[in-house]
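Peer 1: Can you keep this structure in mind? I'll have questions shortly.
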Amino acid sequence: MKAFSITDIGEKRKINQDYVFCDLNSIGNLPNLFIVADGMGGHNAGDYASKFCVEYFTKQINESNQTSPIVMIEEAIKDTNDKLYEKSKEQKDLEGMGTTFVVATILDNVMYVANIGDSRLYVISKEIKQITEDHSLVQAMVKTGELNKDEAKEHPNKNIITRALGVNETVEPDFFEVELKEGDIVLMCSDGLTNMLEDDEIERVVRENADDLPTATETLVRLANQNGGKDNIAVIIIKV
């Protein structure tokens, strides 16, 4: 298995609020760990939220005595949410901060995924498939039939998320288990990528550079910036 990660401030933002963690080595009882977090909040609060959550979460995983990946991840997310929420109440300048959070670990041929917010995880096999579901206002409107997917992409409220880590006393992540085959490629990213590039363009870049993951990630960032770079960009690519 190979992996590569990158974050970029983009063309419009002054602070990079995206944070990634990418480690092919074991973290506690997990064989590997991959995280994308996209922070939100005024001043440096979003920057603080994403970095703090990734670091605190990995610490909890490292110290966990659990053996089930899902139980480990679920407990660590709960503890991280409690801690960030507590900090947001203690410090006025951090009030209202939060972060999206998508985390994955691969054990043998099974990938365990948890997701909060609108950062995404895809699997590129015969085709590109989005595994996570966005916790966003427009996605909720798509599900109820108020919008179609094309309308959702252009909607002025497309960046409003309905779940985030650290915003409320409790948080409810979605969990997924995905069977992987040799040659499958996993892509994790913030919306700074998916708002600037269509899924088929992401798939094309990844396939063309499947043997060179640094070039694949750097090309995706470059194209997102060429298309406007309206937000920070975070990308992790894992090749099984």
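The values are calculated or read from the model by the stated rules, or taken from the named source; none is laboratory data. Note that the coordinates shown come from a computational prediction; the quantities given were computed from them, not determined experimentally. We place every Cβ from the backbone using ideal geometry, glycine too, and count neighbours over all the protein chains shown.
Peer 1: Looking only at the stretch 54-75, decide whether some residue is surrounded by 18 or more Cβ atoms within 10 Å (Cβ to Cβ), modelled with pLDDT of 95 or more and part of a loop (DSSP other than H, G, I, E, B).
Peer 2: yes
Peer 1: In the stretch 173-186, what residues are assigned to a loop (DSSP other than H, G, I, E, B) and either within 15 Å of the chain's Cα centre (by Cα) or surrounded by 13 or more Cβ atoms within 10 Å (Cβ to Cβ) (or both)?
Peer 2: 173, 180, 184
Peer 1: Look through 38, 93, 79 and report the one residue that is in contact (Cβ under 8 Å) with a residue 60 or more places away in the chain and touching a helix residue (DSSP H, G or I) at 6+ places or on another chain (Cβ under 9 Å).
Peer 2: Result: 38 is the single residue among 38, 93, 79 that is in contact (Cβ under 8 Å) with a residue 60 or more places away in the chain and touching a helix residue (DSSP H, G or I) at 6+ places or on another chain (Cβ under 9 Å).
Peer 1: In this structure, does residue 47 turn out to be buried (at least 17 other Cβ atoms within 10 Å of the Cβ) and acidic (Asp, Glu)?
Peer 2: Answer is yes for this residue.
Peer 1: Looking only at the stretch 207-240, count every residue that is of a type in the set (S, T, N, Q) and under 18 Å from the mean Cα position of the chain (by Cα) and tell me the total.
Peer 2: 2
Peer 1: Of the numbered conditions (1) modelled with pLDDT of 75 or more; (2) part of a helix (DSSP H, G or I); (3) of a type in the set (Lys, Arg), residue 153 fails exactly one; give the number of that condition.
Peer 2: (1)
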